[in-house]
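Contents: one structure, followed by commentary.
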There are 2 protein chains.
Amino acid sequence: MRVGYVQFEPRFGEVKRNIGRAIEMMGSERADLWVLPELFSTGYLFVSREELMGLAEPVPEGPTTQALLDFSRKANATVVAGLAERAGDKVYNAAVIVGPAGLIGRYRKIHLFGKEKLWFDPGDLPLEPMDLGGVKIGVMICFDHFFPETARTLALRGAQILCHPANLVLPGMGQLSMRVRAMENRVFAVTANRIGGEARGGEELRFTGESQIVAPEGAVLLRASPEGEEVGVVEIDPEKALDKRVTRYNDLFADRRPEFYGA
Amino acid sequence: MRVGYVQFEPRFGEVKRNIGRAIEMMGSERADLWVLPELFSTGYLFVSREELMGLAEPVPEGPTTQALLDFSRKANATVVAGLAERAGDKVYNAAVIVGPAGLIGRYRKIHLFGKEKLWFDPGDLPLEPMDLGGVKIGVMICFDHFFPETARTLALRGAQILCHPANLVLPGMGQLSMRVRAMENRVFAVTANRIGGEARGGEELRFTGESQIVAPEGAVLLRASPEGEEVGVVEIDPEKALDKRVTRYNDLFADRRPEFYGA
């Protein structure tokens with residue numbers, strides 16, 4: 001199974017251009033599963049709920065999901081992509097999971113970061129892995145990585161590959177944390193981070209790139225540069241993520257002792 | 001508050017010598033809180049339950065705890081030290097926490113690694129922070145780091161400093177993981193790892209050193225070499241670990257969403 005990330009620089013508000021650029025980049029290599037950054041089609045730094053509502057889209061009717069469905073069908077690939085989802089009067093920092101046969105599912109970020117709390121509604125869907133014909137993926141968005149419970153919950157429920165659309169701003173921290181998320185859960189992890197910067201509403205952010213693909217033992221299989229637009233694809237065997245043994249005597253899931261855990 | 005690690009090479013079975021060496025090293029610098037490696041007074045690679053039972057000690061009556069109590073009183077310091085604890089017909093990979101006024105508490109490793117499962121009983125005490133006169137510490141031993149629930153439980157219950165006696169064998173992995181444990185819980189973390197090797201019972205292990213002290217934001221404040229006997233001491237402000245904010249909008253504990261977590 002070939003899994004990949006698209007690392008690029010969305011331009012704020014230029015939805016059509018951003019979709020085109022992401023699809024162009026995915027077209028440059030062959031992968032079975034692509035991960036795109038968080039909010040890849042809109043950009044990140046909204047300055048009001050109204051602005052966000054104006055750019056957010058219903059799923060699957062909106063142009064972003066429709067374009068990805070079209071790509072997915074033609075390329076025979078699954079795509080996990082971060083986007084702003086409008087649902088009635090709610091709006092989510094979400095991800096869609098689309099495959100050749102249609103929309104597979106959606107995820108809505110449960111741990112909002114910084115000013116996202118001002119504009120977005122908190123995620124309201126369970127952390128449930130999605131089945132891609134025998135391989136289960138788990139979706140989490142950016143800051144979700146900071147909470148070990150996110151990856152743990154997805155992995156305990158069967159996720160073999162963590163798909164992690166991101167707009168990481170703290171250099172190296174998300175990348176470090178996702179290595180440990182892979183290691184402690186014995187799963188693969190694909191982080192698609194964006195690059196470049198945004199300066200809007202009196203705030204300025206630089207995004208840190210270094211998208212990466214990590215193996216279940218924590219090794220970084222591939223890592224992008226901090227500043228370039230790049231796709232990266234690695235061939236993995238997702239079956240490996242079903243084996244939680246770290247020594248002859250230790251299985252990371254069987255060894256858990258939940259009776260000792262808790263607040 | 002000055003916190004430190006002792007990184008040294010215990011000699012298997014030479015309990016008196018190992019105690020003396022550790023106390024000599026602690027005597028070379030001033031600290032308020034010392035962390036010693038896992039099983040520091042016995043060594044690691046037991047070949048039978050009988051051998052382990054012969055070297056394990058009751059707490060606090062045994063020579064290791066008694067010597068540490070004596071040091072602690074004289075140095076006016078708290079010591080967290082890994083040792084083999086015998087309790088009736090049970091034996092634990094344990095840690096004692098001793099202060100100038102006496103035994104503060106004990107911890108028994110809940111996640112046993114490799115052949116430890118053949119010789120030791122699994123820990124049966126709750127993950128409960130211990131109060132050092134206003135500063136709370138949490139104790140976890142070596143492989144416990146692999147399970148995010150260990151540090152999480154201690155931190156949610158108030159631990160400001162994770163004290164982590166270790167005999168780490170996978171190069172860099174425990175050190176990486178403990179940075180993330182500090183970061184995700186916004187606490188300090190002191191890992192005291194041993195160095196050198198043991199070859200017993202047809203098995204050979206090399207221990208990886210690189211003891212470290214990590215700050216709540218994940219920065220490594222101090223790290224020892226992979227192979228030298230060293231003490232390392234850093235002045236920290238444990239109050240910092242009470243503040244779980246990572247942005248103006250985000251508090252790592254308040255932002256948790258337990259209703260979404262679980263197996």
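Observations on the model:
- Prolate/oblate/rounded label for the range A:71-153 (Cα gyration tensor, a/c 1.5): oblate
- Restricting attention to the range B:1-156, lysine pairs at least eight places apart or on different chains and with alpha-carbon atoms under 27 angstrom apart total 11.
- Amide hydrogen neighbours beyond the local backbone of A:E57, cut-off 5 Å, H modeled: A:A84, A:E85, A:R86
- Here the Karplus relation 6.51 cos²θ - 1.76 cosθ + 1.60, evaluated at θ = phi - 60°, turns the backbone of the range B:37-53 into coupling constants of x, 4, 6, 5, 8, 9, x, 10, 8, 6, 10, 7, 4, 5, 4, 4, 4 Hz, with x for every Gly and Pro.
- Bridges between two residues of the range A:2-260, per DSSP, are antiparallel at a rate of about 65%.
- Accessible carbon and sulfur surface of the protein assembly as shown relative to its total accessible area, %, 1.4 Å: 50
- The residues of the range B:132-245 expose on average 31 square angstrom of accessible surface per residue, using a 1.4 Å probe on protein heavy atoms.
- Drop in accessible area of at least 40 Å² in the complex versus isolated chain, residues of the range A:240-254, 1.4 Å probe: A:Y249, A:N250, A:L252
- Sparsely packed GluC sites (Glu not before Pro) within the range A:158-263, loop by DSSP, other Cβ within 10 Å at most 13: A:E217
- Applying 0.36 nm per residue to the separation of B:E61 and B:A87 and subtracting their alpha-carbon distance, the gain on full extension is 8.3 nm.
- Rg/Rh for the range A:1-60 stands at 1.03; both radii use Cα atoms, and Rh follows the Kirkwood definition.
- Measuring between their Cα centroids, the range A:92-122 and the range B:16-73 lie 52 Å from each other.
- 7 Å along Cα→Cβ, label-point gaps from B:L242 to other copies, nm, shortest first: 5.1
- Remark on the range A:164-187: accessible area falls by at least 10 square angstrom from chain-alone to full-complex state for A:M173, A:L176, A:S177, A:R179, A:V180, A:R181, A:M183, A:E184, probe 1.4 angstrom.
- Estimated buried accessible area (total), pair B and A, 1.4 Å, Å² to nearest 100: 4100
- Part-to-part distance (alpha-carbon centres) for the range A:131-193 and the range B:175-251, which is given in Å: 23
- Computed [θ] at 222 nm, deg cm²/dmol, chain B (DSSP H ≥ 4; -39,500 (n - 2.57); rounded to nearest 500): -6500 deg cm²/dmol
- Taking the DSSP beta bridges with both ends in the protein assembly as shown, the antiparallel portion is around 65 percent.
- For the range B:2-260, the relative contact order works out to 19 percent when only alpha carbon pairs closer than 8 Å and six or more residues apart are counted.
- Given charges at beta-carbon only (K, R positive; D, E negative), |dipole| of the range A:201-263 in Debye: 480
The values are calculated or read from the model by the stated rules, or taken from the named source; none is laboratory data. Everything numeric here is computed off the predicted structure, so don't read it as measured data. Quick reminder, even Gly has a Cβ in these numbers, built from the backbone with ideal geometry, and neighbours come from all protein chains shown. We work out accessible area using only protein heavy atoms, side chains counted, and drop any ligands, DNA or RNA first. Shrake-Rupley method; radii C 1.70, N 1.55, O 1.52, S 1.80 Å.
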